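The values are calculated or read from the model by the stated rules, or taken from the named source; none is laboratory data. If you're wondering where the values come from, they're calculated on a predicted model, not measured in any experiment. FYI the Cβ positions are ideal-geometry reconstructions off the backbone, even for glycines, and counts take in every protein chain you see.
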Amino acid sequence: MSHLVIHAGQHKTGTTSVQHRLARNRATLARHGVIYPPTPGTAGHHVMAGTGSGLPQICFEAGGRDELWQSLLDRHANSDDVVLLSSEDFSIGLRDGSDERTSLGGFVKKFDRVTVVLVLRQPFEYIQSTFIMKSAAARALTCAGFFKGAFSPTSSIFFGPELLSELTRTLPGAELVCASYEPLAAQPDGVLDFVLSATETELSSKDLPEGKQDWRNRSGLPLPTYMAHCIADSPHFVDDALINFAQEALEAHYGQFSGTTCYTRAELANYAPALQKWRDELRAELGPDTLVAPFKMPDYEDFLHREDLTPGAWVEVCRVLNRVRQLQ
């Protein structure tokens, strides 16, 4: 009986690290009957999720999404293999259009059994982490605008009841296995072990050694990244050094503080009721035994918030940058 396991994210739950670890240990997985198919140019299966925009051209050397799926089906759909795919875009790319959704469902249903694995973060932390990732790479981005769009009921970023419905319509009959990110992240390789458990083999993270160059796509410090984004003169990735200079400026201006957040206190208060409602609805849909935790407000009480950035803080950043230039 063929078994397809789709690790569908979500973003910012250690997915990039998991994908590189799986790709690095592809031969070991195969010896245990788990196939992690290679895709050109990337460790994850983003092209097969149908959301290849932004990927380098090398990712399409083996053809488009349909060709990759057909090749996979020819090799494994009538076997006893467990095929493991991993891409965050399986959980956020479902609004790209009915044709994309229908064709994806047509490919997936050729397997005898389908399991979808989802790891979900608490909403406020997830959206902030996503903003930090995007602000380090996109020039035309504002906190307020991003948060307003991300916390919309029809958002393709926030995984709530709407995207759950899209997922179940796209992959009817698939078994959905969900868990919260926070307790998994507290364990060494917790997310990887959770994904491997869905293959129903004896594999664990201990069988898959980590390489020195394995990629870890960790988010930067919230307010320093935001400040670096605001003053950067490049439309591309914000340099880590600039983020560190912003952190130095905050420490010089404010002294000791527990942490930072890109949210204002008003945004936290305004968005919390809707997030609580959506998380409750999602948990109800997933059933009483779900491993997805209830909504929890982040403990940002002693943090610097976005509205705490006074003109003096920005002046301090300029002082730090000027001092660095003089030393160069």
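Overview of results
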item: Qualifying helices (runs of 4 or more DSSP H) (wholly inside the range 49-118; at least 3 residues being in the same structural domain as Leu163 (by TED's automatic domain parsing) and at pLDDT 85 or above); result: 65-76, 98-108
item: Of all residues in the range 12-34 being surrounded by 23 or more Cβ atoms within 10 Å (Cβ to Cβ) and in contact with a strand residue (DSSP E or B) (Cβ under 6 Å, 6 or more places away or on another chain), the one that is nearest to Ala77 (Cα to Cα); result: Gln19
item: Matching residues, the range 294-309, being surrounded by fewer than 16 Cβ atoms within 10 Å (Cβ to Cβ) and out of contact with any helix residue (DSSP H, G or I) (no Cβ under 8 Å at 6 or more places or on another chain); result: Lys296, Asp299, Glu301, Asp302
item: Failed criterion for Trp278 (all others in (1) touching a Gly at 6+ places or on another chain (Cβ under 7 Å); (2) closer than 26 Å to Lys148 by Cβ; (3) assigned by TED's automatic domain parsing to the domain that holds Met227 hold); result: (3)
item: Residue match in the range 220-243 (condition: outside the structural domain of Asp80 (by TED's automatic domain parsing), among the acidic types (Asp, Glu) and modelled with pLDDT of 85 or more); result: no
item: Some residue of the range 111-120 being under 29 Å from Glu301 (Cα atoms) and surrounded by 17 or more Cβ atoms within 10 Å (Cβ to Cβ); result: yes
item: Enumerated helices (runs of 4 or more DSSP H) restricted to the range 134-202, each holding at least 3 residues that are touching a strand residue (DSSP E or B) at 6+ places or on another chain (Cβ under 7 Å) and at pLDDT 85 or above; result: 190-197
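Residue-wise test of (1) within 24 Å of the chain's Cα centre (by Cα); (2) closer than 22 Å to Ser152 by Cα; (3) touching a residue at least 12 places away in the same chain (Cβ under 8 Å).
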site	(1), (2), (3)
Ala246	no, no, yes
Tyr263	yes, yes, yes
Glu267	yes, yes, yes
Ala274	yes, yes, yes
Ala284	yes, yes, no
Leu291	yes, no, yes
Asp299	yes, no, no
Asp302	no, no, yes
